[in-house]
Amino acid sequence: MIDDKVAQLIAGEEKRQREGLELIPSENYVSRPVLDALGSVFTNKYSEGYPGRRYYGGQEFTDQVETLAIERAKQLFKADHANVQPHSGAPANEAVYSAWLEPGDTVLAMDLGHGGHLTHGAPVTRSAKLYNFIRYKMKDPTTGEIDYDELRELALKHKPKIILAGFSAYPRELDYGKFAAIGQEIEGCLLMADMAHIAGLIAGGVARNPFDDGFHVITSTTHKTLRGPRGGLILSRGTVGNPLKAPEKTLENIPTLIDRAVFPGMQGGPHEHVIAAKAVAFGEALQPEFKDYAAQIVKNAAALADAMLTRGFTLVTGGTSNHLILADVHASFGLDGKVVEEALDKIGLTLNKNAVANDTLPPYRPSGIRLGTPAITTRGLKEEHMEQIAEWMKQAIDARDDEAKLAALHADVVTFALQFPLPSDI
């Protein structure tokens, strides 16, 4: 029996996605095979433990699908081990902290105001109450260069157990070699990269893999540039041991320490239907065409940034080297990010308000907006379409109080968007 109310809401969301353009850089569209796996009978099965070491019977196929996801993830990222069970990116980060840290230990991570993520030490989070987070920043927000000299000084002073490279709103590339060199000066320091935003760019070969510079752990979500289901992933280098036996706490044993931190440390039964969908997405990312997709994301982002600059947008770091753009609309137009987000929502362009470095405005009405190109690239948009998007953005901002003009712009966006089907419709 169909639940008509829920069916109507699903239909409404499908219509919204088809008729608009998704510019939030942490969102994407999955393929029909990924959706099919998410809706499969694997959702019926409990499977606490790991392949070959479960606490329930009936694991013939769950073991195979989870092993497939693990092997594909290892191949994608050149890892010794992959834990595909984290439900999302935040618990993936928490699991690594739990695996390596004791309460009160220090983590050196990117300042939230300069592009870091909530799980990198925001005072409102659980991890910030357990561990001591020290924050590094950009030397100059106009270029985006990280102050690596300050980072080294902080590391030598505070002796962090983890140095964390990664971000949520940083439009440039990090120098992982410099992070690694600093980390190697600190005894027992784990090098951790939160690559949730750029995992697909790494898999596609257009962003550097931190493992190539000596990192021990990479955490990620699976639903951003990687174009999979909503979920988390932890990749590691080291010796893979039996997760049922506590190993010595060494960097070499970090894969097993992480497995034990995920289960039974933090989570119960893994969501095998999501893991099946992760396996599908990893398989898609291993195909040659995924490299073309990753390269096109970066090309589109650069073209969109250029088009925005010519229309008066002030961009943090002056542009982008990856998939996302951070614009200071308060500096550009005297508006806060919430006003701009709402104006663009009305015409079918979805992005999010976002703080900029050293923001003087409150969190829910920050100075900036954050946008990116993973989802629109999935739908087939190319560099030549970025001018139109930037033009619609500027027109919507100028017409933010003119409902008739916004309605006309929305109609134009719908007509354009319907030329590019969702991958689940193909």
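The values are calculated or read from the model by the stated rules, or taken from the named source; none is laboratory data. Since the model is a prediction, treat every value here as computed from it, not as a measurement. For neighbour counting, all protein chains shown are included, and Cβ atoms are generated from backbone atoms with ideal geometry for every residue, glycine included.
What the table shows:
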{"quantity": "Residue under evaluation residue 244, criteria (1) touching a residue at least 60 places away in the same chain (Cβ under 8 Å); (2) touching a strand residue (DSSP E or B) at 6+ places or on another chain (Cβ under 7 Å); (3) surrounded by 21 or more Cβ atoms within 10 Å (Cβ to Cβ), criterion not met", "calculated": "(3)"}
{"quantity": "Qualifying residue in the stretch 19-27 (condition: assigned to a helix (DSSP H, G or I), modelled with pLDDT of 95 or more and outside the structural domain of residue 350 (by TED's automatic domain parsing))", "calculated": "yes"}
{"quantity": "Residues of the stretch 173-198 classified as in contact with a strand residue (DSSP E or B) (Cβ under 8 Å, 6 or more places away or on another chain) and either in contact (Cβ under 8 Å) with a residue 40 or more places away in the chain or assigned to a loop (DSSP other than H, G, I, E, B) (or both), total", "calculated": "10"}
{"quantity": "Positions within the stretch 388-406 being touching a residue at least 60 places away in the same chain (Cβ under 8 Å) and either farther than 26 Å from residue 312 by Cβ or assigned to a helix (DSSP H, G or I) (or both), in sequence order", "calculated": "389, 390, 391, 393, 394, 397, 406"}
{"quantity": "Test: residue 177 is in the same structural domain as residue 93 (by TED's automatic domain parsing) and at positive phi", "calculated": "no"}
{"quantity": "Qualifying residue in the stretch 33-41 (condition: of a type in the set (Gly, Ala, Ser) and in a helix (DSSP H, G or I))", "calculated": "yes"}
{"quantity": "Failed item, numbered, when residue 289 is tested on (1) under 23 Å from residue 28 (Cα atoms); (2) touching a Lys or Arg at 6+ places or on another chain (Cβ under 8 Å)", "calculated": "(2)"}
{"quantity": "Test: residue in the stretch 274-291 that is over 16 Å from residue 377 (Cα atoms), in contact (Cβ under 8 Å) with a residue 60 or more places away in the chain and of a type in the set (S, T, N, Q)", "calculated": "no"}
{"quantity": "Checking residue 201 against (1) assigned to a loop (DSSP other than H, G, I, E, B); (2) at pLDDT 95 or above, the condition it does not meet", "calculated": "(1)"}
{"quantity": "When residues of the stretch 22-39 are limited to those that are closer than 28 Å to residue 302 by Cβ and acidic (Asp, Glu), the one nearest to the chain's Cα centre (by Cα)", "calculated": "27"}
{"quantity": "Per-region count, the stretch 89-129, residues surrounded by fewer than 19 Cβ atoms within 10 Å (Cβ to Cβ), at pLDDT below 95 and either among the aromatic types (Phe, Trp, Tyr) or not in a helix (DSSP H, G or I) (or both)", "calculated": "5"}
{"quantity": "Among the candidates 79, 69, residue that is in a helix (DSSP H, G or I), closer than 21 Å to residue 224 by Cβ and not polar (S, T, N, Q)", "calculated": "69"}
{"quantity": "Residue match in the stretch 3-17 (condition: in contact with a helix residue (DSSP H, G or I) (Cβ under 6 Å, 6 or more places away or on another chain) and either within 24 Å of residue 374 (Cα to Cα) or crowded, with 17+ Cβ neighbours inside 10 Å (or both))", "calculated": "no"}
{"quantity": "Search result, residues across the stretch 327-348 that are under 17 Å from residue 375 (Cβ atoms) and outside any helix (DSSP H, G or I)", "calculated": "347, 348"}
{"quantity": "One residue from 144, 116 being under 28 Å from residue 368 (Cβ atoms), in contact (Cβ under 8 Å) with a residue 60 or more places away in the chain and small (Gly, Ala, Ser)", "calculated": "144"}
{"quantity": "Scope the stretch 145-160; condition buried (at least 21 other Cβ atoms within 10 Å of the Cβ) and at pLDDT 95 or above; matching residues", "calculated": "155, 160"}
